[in-house]
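Heads up: the structure comes next, in structure tokens.
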Amino acid sequence: MRIFSGIQPTGRKHLGNYIGAIRQYVEGQDRGDPAIYSIVDLHAITVAYEPDQLRTNLYDTTAALLAAGLDPERCILARQSDIPEHTELCWLLSGVCAHGDLNRMTQFKDKSGQQKDLVSAGLFIYPLLQAADVLAYRADEVPVGEDQRQHIELMREIARRFNERFGETLVVPEHRIPEIGARIMDLQEPNRKMSTSVGADSGRVYLLETEKETRKKLGSAVTDSGREVKRGEGKEGIANLIGIYAVARGVSEDEVEAEFEGAGYGDFKKAVADAVVEFLAPVRERYPEIREDEAEIERILAQGAARARELAAETLSDVRAAMGVGVPRS
Ligand code: TYM
């Protein structure tokens, strides 16, 4: 079973990224043969950014993944831009990716609306590069949060179209979206997903912030005028906290509702804060030491890139041959 996933080196990673994706990466590293995780810096340049900040963010994100438990001996951890096969495959696949399909992508619609100066062509073909990321490794499984569902559907369609047109070459991947926590909502606006790019800081718990900050944000999370710790209509805030608590404690959402039957929102929120602080403590403890050693991070990424390139180069050689591009294979 080959596993692949990507994460952007943008901003600070939050509880949504951790619950929806990162904890699945950690779980996948022993199932994956191999599991490949990519810090996708080339995706991050599709919106306004500062070059120096991009590098800093890349180290921050890589260190956060390592602190979360990714072990470079048990998985491949690589920087997307170190592996030119991703961008080459992106171009080659552009011939079987419909313009109309890219036009339907809801993330493009959302993100293009947020751009002040320029809606780049890169932002439009972003999902095509994402397809190339996965298809270059012939990955079977892609662990992601709910917001990536449409992108995975598109890459499946691209792989199928390629195989129909040029013969069986690519693997059609499956998404792996967690049952609980696939879409962690903003704490202040629980009708919107927790996201780095929209809303106030108070709406998101960062993976790396102080215990005090986390407690404050969870303590002031928006709920409703009711009093029952139960999921239901108009109870998006409470439902979100139930999901977060369930994941942090490793129990089901039904069990959380049973545990807090008759409890007030105040007590429940305090329990959620305790659970989240404990849940994130190991990552927070390990991070500073890992982040400090940039040379070691570069060493890990170089080792990951060398291993990843070998796998991607094999696929690219088959893709080029199937498409009739380049020097014929002997
Ligand atoms: P990115 O960097 O925005 O997010 C990384 C992962 O976090 C998940 N996620 C969430 N899960 C639950 N609740 C939330 N509120 C939440 N917010 C984010 C995302 O679903 C994602 O899994 N396009 C991708 C990066 C990418 C990629 C790939 C992913 C590039 N190539 C190939 C998979 C395969 C992205 O922007 O993720």
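The values are calculated or read from the model by the stated rules, or taken from the named source; none is laboratory data. What you see is a predicted model; the values in this text were computed from it and never measured. Here the Cβ is made from the backbone with ideal geometry for all residues, glycine too, and neighbour counts use every protein chain on show. When the accessible area is computed, the model is the full protein with side chains, heavy atoms only, and any ligands, DNA or RNA have been set aside. Shrake-Rupley method; radii C 1.70, N 1.55, O 1.52, S 1.80 Å.
Tabulated results
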quantity	calculated
Kirkwood Rh and Cα Rg combined as Rg/Rh, segment 234-330	1.33
Hydrodynamic radius (Kirkwood) for segment 4-101, which is based on Cα pairs only, to one decimal in Å	14.5
Amide proton proximity set for K193, modelled H, under 5 Å, gap of 5+	D186
Listed residues R156, R227, R320 arranged by accessible area, highest first, probe 1.4 Å	R227, R320, R156
Listed residues V26, T46, L58: farthest to the positive end of the dipole of the chain (Cβ charges)	T46
For the chain, size of Cβ-based charge dipole, Lys and Arg +1, Asp and Glu -1, in debye	660
Inter-site label distance for D267 and R31 at 7 Å from Cα along Cβ, in nm	3.7
Label-point gap, in nm, between L118 and T87 - each point 7 angstrom along Cα→Cβ	1.5
Note, ³J(HN,Hα) from phi for segment 38-54, Karplus 6.51, -1.76, 1.60, rounded to Hz, x at Gly and Pro	10, 8, 8, 5, 6, 6, 6, 8, 7, 10, 4, 7, 10, x, 5, 5, 4
Charged-residue dipole, Cβ positions (Lys, Arg, Asp, Glu), segment 201-288 about Cα centre, Debye nearest 20	380
Dimensions in Å of segment 157-199 - Rg and Dmax from alpha carbons	17.7, 50
The chain: relative contact order as a whole-number percent, Cα under 8 Å and 6+ apart	23
Kirkwood hydrodynamic radius (C-alpha pairs) into Stokes-Einstein, segment 50-122, 4 °C and 1.567 mPa s, D in µm²/s	83
For segment 79-228, with +1 on Lys and Arg beta carbons and -1 on Asp and Glu, the positive-most of L93, P173, Q188 along the dipole	Q188
Segment 196-323: relative contact order as a whole-number percent, Cα under 8 Å and 6+ apart	23
Neighbour-limited loop hits for GluC sites (Glu not before Pro), segment 12-85 (at most 10 other Cβ within 10 Å; DSSP other than H, G, I, E, B)	E73
Charge dipole (the chain, unit charges on Cβ, about Cα centre) - positive-most of P288, A68, V119	V119
Cut-off under 5 Å, modelled amide H: who pairs with G6 long-range	S38
Under-5 Å amide H pairs with L77, H placed in peptide plane, nonlocal only	Y37, G304
Under Karplus coefficients 6.51, -1.76 and 1.60, residue-wise ³J(HN,Hα) of segment 188-194 in Hz, glycine/proline x	8, 10, x, 8, 10, 5, 5
Links that overshoot a 31 Å alpha carbon limit, given the list K193/K270; K109/K217; K109/K269; K13/K109; K13/K270; K212/K235	K109/K269
Fraction of alpha-carbon pairs over 15 Å apart in segment 72-111 - percent	64
For segment 201-288: rounded, prolate or oblate by the Cα gyration tensor [a/c cutoff 1.5]	prolate
Isotropically averaged projected area of the chain, using the convex hull of Cα atoms (one quarter of hull area), nm²	17.8
Diffusion constant of segment 95-160 at 20 °C, which comes from Stokes-Einstein with the Kirkwood Cα-pair radius and 1.002 mPa s, µm²/s	171
M194 - accessible surface, heavy atoms, 1.4 Å probe, Å² rounded to 10	10
Distance from segment 247-312 to segment 193-238 (C-alpha centre basis), Å	16
Taking segment 21-131 and dividing mean pair separation by its residue count, relative contact order in percent (alpha carbons under 8 Å, at least six apart)	37
